[in-house]
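**Student:** Pasting a structure here, questions to come.
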Amino acid sequence: MVLNTLRVKGKVFSGRGEGAKFIELQWARRQIAEKLGFIPYPGTLNLKLAQDDVRFKKLLKKAKSTEISPAKGFCRGRCFNAYLMDNLKCAIVIPEIVEYPEGIIEVVAPIDLRKKLQLKDDDTVEVKIILH
């Protein structure tokens with residue numbers, strides 16, 4: 001199995017809490033634990049990609065991902081194992097929603113990333129995404 005990595009940088013921003021609501025759903029938590037190997041902290045770290053990195057998100061659409069299958073009435077999510085700041089295990093979740101912004105990614109992890117890294121809105125972080 002060949003593993004490639006994709007590094008992207010993004011600025012932290014506060015979302016509307018939609019990611020937290022999704023992560024708290026029992027079926028989503030169970031699938032993340034089973035498929036990604038960790039119980040997710042109930043929330044996501046929202047990142048606005050640097051302009052140069054928006055094109056990388058388009059590459060992810062073609063890459064093999066781990067799928068979170070939705071319960072009725074919810075959207076499917078595509079996940080990629082990743083590391084935040086090179087050493088914190090996490091995953092990128094891309095909701096399959098037509099109107100989902102192209103330049104945004106959401107990061108889930110077993111810990112509160114904002115608290116652990118003392119992140120504030122507009123801080124820049126790097127994510128290393130693992131591609132299979």
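**Student:** Scanning segment 25-35 for residues that are surrounded by 12 or more Cβ atoms within 10 Å (Cβ to Cβ) and modelled with pLDDT of 85 or more, which turns out nearest to the chain's Cα centre (by Cα)?
**Tutor:** Here the residue is I32.
**Student:** List pairs: first residue in segment 55-79 and closer than 14 Å to F22 by Cα, second residue small (G, A, S) and exposed (fewer than 14 other Cβ atoms within 10 Å of the Cβ) anywhere in the structure, Cβ distance under 7 angstrom, at least six positions apart or on different chains.
**Tutor:** The qualifying pairs are R76/S69.
**Student:** Just the residues that are of a type outside the set (A, V, I, L, M) and in a strand (DSSP E or B), please, taken from segment 64-85.
**Tutor:** Within segment 64-85, T66, E67, G77, R78, C79, F80, N81, Y83 meet the criteria.
**Student:** Among the listed residues F22, F56, identify the single one that is under 16 Å from V93 (Cβ atoms), at pLDDT below 85 and in contact with a helix residue (DSSP H, G or I) (Cβ under 7 Å, 6 or more places away or on another chain).
**Tutor:** F22
**Student:** Can you confirm whether segment 58-81 contains a residue that is more than 13 Å from the chain's Cα centre (by Cα), surrounded by fewer than 18 Cβ atoms within 10 Å (Cβ to Cβ), hydrophobic (A, V, I, L, M, F, W, C) and closer than 17 Å to L131 by Cα?
**Tutor:** Yes, segment 58-81 has at least one match.
**Student:** Also, quick follow-up: Go through the residues of segment 86-94 one by one and say whether even a single one is in a loop (DSSP other than H, G, I, E, B), surrounded by 12 or more Cβ atoms within 10 Å (Cβ to Cβ), in contact with a helix residue (DSSP H, G or I) (Cβ under 7 Å, 6 or more places away or on another chain) and at pLDDT below 90.
**Tutor:** Within segment 86-94, none of the residues are in a loop (DSSP other than H, G, I, E, B), surrounded by 12 or more Cβ atoms within 10 Å (Cβ to Cβ), in contact with a helix residue (DSSP H, G or I) (Cβ under 7 Å, 6 or more places away or on another chain) and at pLDDT below 90.
**Student:** When the residues of segment 97-118 are narrowed to those that are of a type in the set (D, E, K, R) and at pLDDT 90 or above, which ends up surrounded by the most Cβ atoms within 10 Å (Cβ to Cβ)?
**Tutor:** E106
The values are calculated or read from the model by the stated rules, or taken from the named source; none is laboratory data. Model, not experiment: these values are computed from the prediction. Heads up, the Cβs are rebuilt from the backbone with ideal geometry, glycines too, and the neighbour counts pull from every protein chain shown.
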